[in-house]
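Coordinate-derived values only; no laboratory data. Keep in mind the model is a prediction, meaning the values are calculated, not measured. Positions of Cβ are backbone-derived with ideal geometry, glycine not excepted, and every protein chain shown enters the neighbour counts.
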Ligand code: ADE
Ligand code: ZN
């Protein structure tokens, strides 16, 4: 996928990227050796091949072609991340790449539960990301505010424990936190795990002064019901400020007006859907959201596990297949700025 010079030069903002989903085979190989972790692959090529995943989170839906599901591969990748330096390096690798693509501002997702459940202390994760957040400003001119993710296929109590442990690293209302993250999100396997199961967690985060977003992934079981809950039910319809993915809004009447009246933007990741949907099916849906006036922006999700298509490749795809003009592409970036939670000073600096 060749990146048009206009897309390459465009200043960008990324609001939907999982930092653990940017782990390259090269860094994973290096960290496995550094940390004495044995990989189930004999060669680097075998490791790189394990990034060829199936789209659906559920094995029985994919059919068994031997490939791991995306989440299996993603959490397997996490196993090499052990020390504060590892998390720092992972994030700095991403910031370097972001800088090369003219990305100015990012709101990366991170999981702590994926690491603490392997016995890694939360402080290693949080301090590593915090150091990268601070250093990337001077080194790569990339600013970031991060998003703590609840793993929705783990128990609510587990998520609450992880959240409480991470809270000293948040930018909370009282101004006392270390300022790494300013929002919470909801990720991992959505199957039979509707947003309302986590309402207590969202209420708590809201009280702490944090922003709220949640994944409503495309074509999951109960996708439109999950969207309905996210828009209308969480915190009595005053909870989520964005929805990650949310393409199924076009499938039920009332969802698009709900998004628009509340100013809820969608962080779309076109390549993630393009892996499964034909060009002529997918891009008209994105175009329709745009034409209906929904605030959408374009992102990469988990680029190293999705054929190495980063934000520039995702923008390229909508430029090519949605019939967007150059001015429209600028508007997409402006949408991202608008629905971002950067402070006003940063917002004016970004573009
Ligand atoms: N966590 C990280 N990447 C994810 C994805 N693509 N879907 C659901 N949960 C995730
Ligand atoms: Zn995502």
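What is the extension gain from residue 173 to residue 221, computed as 0.36 nm multiplied by their sequence separation minus the C-alpha to C-alpha distance, in nm to one decimal?
Contour length minus the Cα-Cα distance gives 13.7 nm.
Under the rule a/c < 1.5 gives rounded, and otherwise a/b versus b/c splits prolate from oblate, where does segment 1-112 land using the Cα gyration tensor?
It comes out oblate by the Cα gyration axes.
Suppose each label sits 7 Å from its Cα in the direction of the beta carbon; what would the residue 118-residue 42 distance come out to in nanometres?
Result for the modelled spin labels: 2.4 nm.
Quickly work out the residue 307-to-residue 208 label distance, labels modelled 7 Å from Cα along the C-beta direction, and quote it in nm with one decimal.
Placing both labels 7 Å along Cα→Cβ, they lie 3.8 nm apart.
Does the chain come out rounded, prolate or oblate by the C-alpha gyration tensor, with a ≥ b ≥ c the root eigenvalues, rounded set by a/c under 1.5 and, if not, prolate when a/b is larger than b/c and oblate if not?
It is rounded, given that a/c, with a ≥ b ≥ c, falls under 1.5.
If r is the Cβ-Cβ distance from residue 334 to residue 251 and R0 is 35 Å, what FRET efficiency results, to the nearest 0.05?
0.85
Nearest 500 deg cm²/dmol is fine: what mean residue ellipticity at 222 nm does the chain get from its DSSP H runs of n ≥ 4 alone, each adding -39,500 (n - 2.57), divided by its residue count?
Value at 222 nm, helices only: -13000 deg cm²/dmol.
Where does each of 103-115, 265-277 land if you order them by average Cβ count within 10 Å, highest first?
Top to bottom by mean Cβ count within 10 Å: 103-115, 265-277.
Rounded to the nearest 0.05, what FRET efficiency do residue 288 and residue 262 have when you use their Cβ-Cβ distance and R0 = 22 Å?
Efficiency computed from Cβ-Cβ geometry: 0.70.
Under the rule a/c < 1.5 gives rounded, and otherwise a/b versus b/c splits prolate from oblate, where does segment 223-328 land using the Cα gyration tensor?
Verdict is prolate for segment 223-328.
Under a crude label model (7 Å from the Cα following the beta-carbon direction), how far is residue 4 from residue 279 in nanometres?
1.4 nm
Taking 8 Å as the Cα distance limit and 6 or more residues as the minimum spacing, I'd like the relative contact order of the chain as a percentage.
19 percent
Can you order the peptides 141-147, 250-256 by their average number of other Cβ atoms within 10 Å per residue, highest first?
Listed from highest to lowest mean packing, they are 141-147, 250-256.
How would you rank 329-342, 196-209, highest first, on the average number of other Cβ atoms within 10 Å across their residues?
329-342, 196-209
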